[in-house]
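Worksheet: one structure, shown below.
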Amino acid sequence: MPKFVRQAGWILALLLSIAARASAPDEYQVEAVFLLHFTQFVEWPVQASDAQTPFVIGVLGRDPFGSALDDAVRGETVKGRPLVVKRFAVAGDLKPCQILFIDRSAVSEADQVIGSLAHSGTLTVSNVEVPAPADVIIRFLNEDRRIRLRINVDYARNAGLTISSKLLRPAQVVGTIPAG
């Protein structure tokens, strides 16, 4: 193979790699960043924990994020606490976490999981509709290739969480927002 053909192939591969990185983020990359930013716009109940206790974002079921969620939280802290990601294959593996993303592969367990977390101070999140009677606190809605939020403020209040008006303002709100 002539040298210029090898060089052209290498240059083409490099350009394709650069173009792939420069393309718009996919749905799960955007959702991973949202999960990180929820830590700034949600107030959790005060719990007896020191600054060494990690703030945990859990993923229940198949992890759709790939490395995007790990990349988003790398080196981040929440009120001085290290931020970590933990993955739980099934509901029986679930450990305490402050944010729990429920993947579509675990939606059949959602009612059981959400019921057990109802008053635990866990922000439940998903990007699929959870069958009634359960529902997550925040659901990602993909509308015209844009991620929007549907927030159930009653479920947040029941979990002991306070959601900032800065997060509620652009969201589709379900439930009653208390006056004041």
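If you go through region 74-104 and keep only what is in contact with a helix residue (DSSP H, G or I) (Cβ under 6 Å, 6 or more places away or on another chain), without any contact (Cβ under 8 Å) to a residue 40 or more places away in the chain and closer than 18 Å to F41 by Cα, you end up with just V78.
Just checking, which of P96, P131 is farther than 17 Å from E31 by Cα and in contact with an Asp or Glu (Cβ under 7 Å, 6 or more places away or on another chain)?
Numbers: P96 fails: in contact with an Asp or Glu (Cβ under 7 Å, 6 or more places away or on another chain).
Of the residues listed, the single one that is farther than 17 Å from E31 by Cα and in contact with an Asp or Glu (Cβ under 7 Å, 6 or more places away or on another chain) is P131.
Of all residues being closer than 22 Å to R62 by Cβ and polar (S, T, N, Q) in region 103-128, which is surrounded by the most Cβ atoms within 10 Å (Cβ to Cβ)? Just the residue, please. This residue is T124.
Go through the residues of region 42-65 one by one and say whether even a single one is part of a helix (DSSP H, G or I), at pLDDT 90 or above and within 17 Å of V125 (Cα to Cα).
Pass one, region 42-65, residues part of a helix (DSSP H, G or I): none.
The answer is no; no qualifying residue exists.
Cβ-Cβ contacts under 7 Å between residues 6 or more apart (or on different chains), taken from a first residue in region 25-46 that is touching a residue at least 24 places away in the same chain (Cβ under 8 Å) and crowded, with 20+ Cβ neighbours inside 10 Å to a second residue that is in a strand (DSSP E or B) and of a type in the set (F, W, Y), are listed as E31/F140; L35/F101; T39/F55. Q7: modelled with pLDDT under 95 and either under 22 Å from the mean Cα position of the chain (by Cα) or not in a helix (DSSP H, G or I) (or both), yes or no? Judged against the criteria, Q7 is not a match. Entry remark, region 40-92: residues being in contact with a Leu (Cβ under 6 Å, 6 or more places away or on another chain), closer than 22 Å to A110 by Cα and among the β-branched types (V, I, T) number 3 in total. Identify the single condition in (1) loosely packed, with under 13 Cβ neighbours inside 10 Å; (2) in contact (Cβ under 8 Å) with a residue 12 or more places away in the chain that R169 does not satisfy, given that it satisfies every other one. Result: R169 passes all but (2).
Could you look through region 129-161, keep only residues that are exposed (fewer than 15 other Cβ atoms within 10 Å of the Cβ) and more than 19 Å from I102 (Cβ to Cβ), and pick out the one that is nearest to the chain's Cα centre (by Cα)? Of everything passing the filter in region 129-161, R146 is nearest to the chain's Cα centre (by Cα).
The values are calculated or read from the model by the stated rules, or taken from the named source; none is laboratory data. This one's a predicted model, so the numbers in the text were calculated from it and none came from an experiment. Because the Cβ atoms are built from the backbone with ideal geometry, glycine has one as well, and the counts that use them run over all protein chains shown.
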